[in-house]
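Visitor: I have a structure I would like to understand better, so I am pasting it below and will then ask my questions one at a time.
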Amino acid sequence: MSHTQDPLFEPLEWSGLTLHNRVVMAPLTRSRAGQPGDVPTPMMAEYYAQRAAAGLIIAEATNISPIAKGYVFTPGIFTPEQIAGWRGVTDAVHARGGHMVLQLWHCGRVSHVSLHDGESPVGPSAVTGETCLAFGLDAQGNPARVPASPPRALTLTEIRSTVEDYARAASNALAAGFDGVEVHAANGYLPHQFLASNVNRRGDAYGGSLEGRCRFLFEVVEAVTGVVPRGRVGVRLSPLFTGNDIADADPVETQGHVAAHLARVGIGYLHVADTDVMRQVAPKMEAILAAIRPHYQGLTMLNGAFDGPRAGAALAAGEADLIAFGRPFISNPDLPERLRRGGPFTPPDPATFYGGGAEGYTDWPTLDSAGGA
Ligand SMILES: Cc1cc2nc3c(=O)[nH]c(=O)nc-3n(C[C@H](O)[C@H](O)[C@H](O)COP(=O)(O)O)c2cc1C
């Protein structure tokens, strides 16, 4: 008999791995990669190891190539030094019995010339994200939030080489010891820019029709599943997301089409995120699920403003197999244990989300260190 009735703590067999619980650490950019070279550091290894009680950790969004970068101090997975740095992280997590996948990131137009020696960022089309903010360097060379620079449209040759960059990054992730990868197709970054009709104005095979707008993401998924066993490839979507100037004419149709394709491919999991909650938009998971569910019945992870009771209810209702927690994991390294006990939970501090050192990063108390609270 199982020691708990809480579905959050039922183990899950996932593609040859046993995930110890259904509590996933959501991908969280913390902008603390080592300089120069955007290399994962021993401090990052400590941070992730502290959170290894999660059933699965999704490492922070990680640039697949130099031009993919849209924020200073974010790590990459395209140089030998970055691969070696990540190996230190995955070894530390595995030593604690955890499992970890890497989120593959290309910011596309959400980027800035200061990150690319004055060169323009790239996107599906030369359409500037009017409300998009990158994290670049200001006129004095100091890290700062800056309006995204006007992008230029990728050529067909560049689209092919970008797809290859995803495959190479996925292969590098395996070399770095990750248990799998997650394709970041959410939150208005490059794959999402291709999907969205207001950003993708291409007249060629990668734009126009629904099929055309989906082609880039489908080719990325095909390339990545050619390198990583498909059962270990997740895809993150944020179906009704309206940030980063995303305004698809029919997101329900677009995202449903994507979900149906991913169901046919048989990916390892679909990560369905309601990330607008980060901008104080009211949660809309019900509407999101109504768009996705008819098309996809495979392994599903949900994210967006979940707490323990809501997570347990979603699992019990069969709406999800896994629940990802973002902000709660920042300030509660032992989040699974706190969820098991019903709290208490330490609130996060947005002032230390991005950049800096150990403060607000590796120094959050656990129940044990706080004396059992
Ligand atoms: C500091 C911070 C960094 C984030 N970085 C990423 C990221 O790298 N990749 C991603 O897909 N989402 C990222 N997100 C979104 C989270 O994964 C998650 O979707 C969001 O926080 C909502 O979940 P929550 O309510 O559990 O925090 C980030 C969110 C925060 C607060």
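Visitor: Regarding the range 282-290, can at least one residue be identified that is open to solvent by 70 Å² or more (accessible area, probe 1.4 Å), without any contact (Cβ under 8 Å) to a residue 40 or more places away in the chain and not aliphatic (A, V, I, L, M)?
Guide: Checked against the condition, which is being open to solvent by 70 Å² or more (accessible area, probe 1.4 Å), without any contact (Cβ under 8 Å) to a residue 40 or more places away in the chain and not aliphatic (A, V, I, L, M), the range 282-290 yields at least one hit.
Residues checked against (1) in a helix (DSSP H, G or I); (2) within 14 Å of the ligand (Cβ to nearest atom):
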{"site": "ARG310", "(1), (2)": "yes, yes"}
{"site": "LEU315", "(1), (2)": "yes, no"}
{"site": "GLY318", "(1), (2)": "no, no"}
{"site": "ILE323", "(1), (2)": "no, yes"}
{"site": "PRO328", "(1), (2)": "yes, yes"}
{"site": "PHE345", "(1), (2)": "no, yes"}
{"site": "PRO348", "(1), (2)": "no, yes"}
{"site": "ALA351", "(1), (2)": "yes, yes"}
{"site": "GLY355", "(1), (2)": "no, yes"}
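Visitor: Something else now. Write out, first by first residue and then by second, each pair whose Cβ atoms fall under 8 Å of each other, whose residues are 6+ apart or on separate chains, and whose first residue, in the range 149-170, is open to solvent by 80 Å² or more (accessible area, probe 1.4 Å) while the second is not polar (S, T, N, Q).
Guide: These pairs meet every condition: PRO150/ALA126; ARG152/PRO121; ARG152/VAL122; ARG152/GLY123; ARG152/ALA126; GLU164/ALA223; ARG168/ILE64; ARG168/PHE78.
Visitor: Tell me, which strands (runs of 3 or more DSSP E) lie completely within the range 23-109 with 3 or more residues that are closer than 16 Å to TYR189 by Cβ? Can you show your working first?
Guide: Values: elements: 23-25, 56-63, 100-105.
Of the strands (runs of 3 or more DSSP E) lying wholly inside the range 23-109, those with at least 3 residues that are closer than 16 Å to TYR189 by Cβ span 56-63, 100-105.
Visitor: Considering only residues of the range 95-118 that are touching a residue at least 40 places away in the same chain (Cβ under 8 Å) and farther than 18 Å from ALA61 by Cα, which is nearest to the ligand (Cβ to nearest atom)? Walk me through how you get there before you give the answer.
Guide: At the first step, the residues of the range 95-118 found to be touching a residue at least 40 places away in the same chain (Cβ under 8 Å) are 95-112, 115-116.
After this cut, where a residue has to be farther than 18 Å from ALA61 by Cα as well, the list is 95-98, 116.
Numbers: ALA95: 24, ARG96: 21, GLY97: 23, GLY98: 18, HIS116: 20 Å.
Ranking the candidates gives GLY98 first.
Visitor: Something else: Of these, THR128, THR79, THR90, which one is at pLDDT 95 or above and within 15 Å of ALA169 (Cα to Cα)? Break it down stepwise before answering.
Guide: Working: THR128 fails: within 15 Å of ALA169 (Cα to Cα); THR90 fails: within 15 Å of ALA169 (Cα to Cα).
Checking each option against the conditions leaves just THR79.
Visitor: So the check is Cβ under 8 Å with 6+ separation or different chains; which pairs have a first residue in the range 345-372 that's of a type in the set (D, E, K, R) and a second one that's away from the ligand (no atom under 14 Å from the Cβ) and open to solvent by less than 30 Å² (accessible area, probe 1.4 Å)?
Guide: These pairs meet every condition: ASP368/ASP334.
Visitor: Another question, then. Inside the range 171-192, can you point out the residues that are within 10 Å of the ligand (Cβ to nearest atom) and either open to solvent by less than 10 Å² (accessible area, probe 1.4 Å) or without any contact (Cβ under 8 Å) to a residue 24 or more places away in the chain (or both)? Write out each step before concluding.
Guide: Of the range 171-192, the ones within 10 Å of the ligand (Cβ to nearest atom) are 182, 184-187, 189.
Once the filter is applied, which keeps residues that are within 10 Å of the ligand (Cβ to nearest atom) and either open to solvent by less than 10 Å² (accessible area, probe 1.4 Å) or without any contact (Cβ under 8 Å) to a residue 24 or more places away in the chain (or both), the range 171-192 yields GLU182, HIS184, ALA185, ALA186.
Visitor: Of the residues GLU130, GLU158, GLU164, which is part of a loop (DSSP other than H, G, I, E, B) and among the acidic types (Asp, Glu)?
Guide: Working: GLU158 fails: part of a loop (DSSP other than H, G, I, E, B); GLU164 fails: part of a loop (DSSP other than H, G, I, E, B).
That would be GLU130, the only listed residue that is part of a loop (DSSP other than H, G, I, E, B) and among the acidic types (Asp, Glu).
Visitor: For the structure I just gave you, tell me whether GLY55 is touching a residue at least 60 places away in the same chain (Cβ under 8 Å), open to solvent by less than 10 Å² (accessible area, probe 1.4 Å) and more than 14 Å from the ligand (Cβ to nearest atom).
Guide: Details: touching a residue at least 60 places away in the same chain (Cβ under 8 Å): yes; open to solvent by less than 10 Å² (accessible area, probe 1.4 Å): yes; more than 14 Å from the ligand (Cβ to nearest atom): yes.
In short, yes.
Visitor: Six or more apart or on different chains, Cβ atoms under 9 Å: show the pairs whose first residue is in the range 194-205 and closer than 21 Å to HIS184 by Cα and whose second is of a type in the set (Lys, Arg) and outside any loop (DSSP other than H, G, I, E, B).
Guide: Going by the 9 Å Cβ cut-off, the qualifying pairs are PHE194/ARG213; PHE194/ARG215; LEU195/ARG213; ALA196/ARG213; SER197/ARG213; ASN200/ARG213.
Per-residue answers, yes or no, for (1) among the basic types (Lys, Arg); (2) in contact with a Ser or Thr (Cβ under 8 Å, 6 or more places away or on another chain):
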site	(1), (2)
ARG145	yes, no
ARG152	yes, yes
THR155	no, no
PHE178	no, yes
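Visitor: Separate question: Do you know which residues across the range 221-235 are open to solvent by 10 Å² or more (accessible area, probe 1.4 Å) and under 15 Å from the mean Cα position of the chain (by Cα)? Give the derivation first.
Guide: Applying the first criterion (open to solvent by 10 Å² or more (accessible area, probe 1.4 Å)) to the range 221-235 yields 222-223, 225-227, 229-232.
Hit for the range 221-235 is ARG232, nothing else.
Visitor: Quick check on my filter: what residues within the range 131-178 are among the charged types (D, E, K, R) and at pLDDT below 95?
Guide: ASP138
Visitor: What are the residues in the range 29-52 that are within 16 Å of the ligand (Cβ to nearest atom) and aliphatic (A, V, I, L, M), if any?
Guide: Hits for the range 29-52 are ALA33, MET44.
The values are calculated or read from the model by the stated rules, or taken from the named source; none is laboratory data. Only a predicted model underlies this, so the values are computations on that prediction, with no experimental measurement involved. Ideal geometry is used to build each Cβ from the backbone, glycine not excepted, and the neighbour counts take in all protein chains shown. Each accessible area value is taken on the protein alone, full model and side chains, heavy atoms only, with ligands, DNA and RNA left out. Shrake-Rupley method; radii C 1.70, N 1.55, O 1.52, S 1.80 Å.
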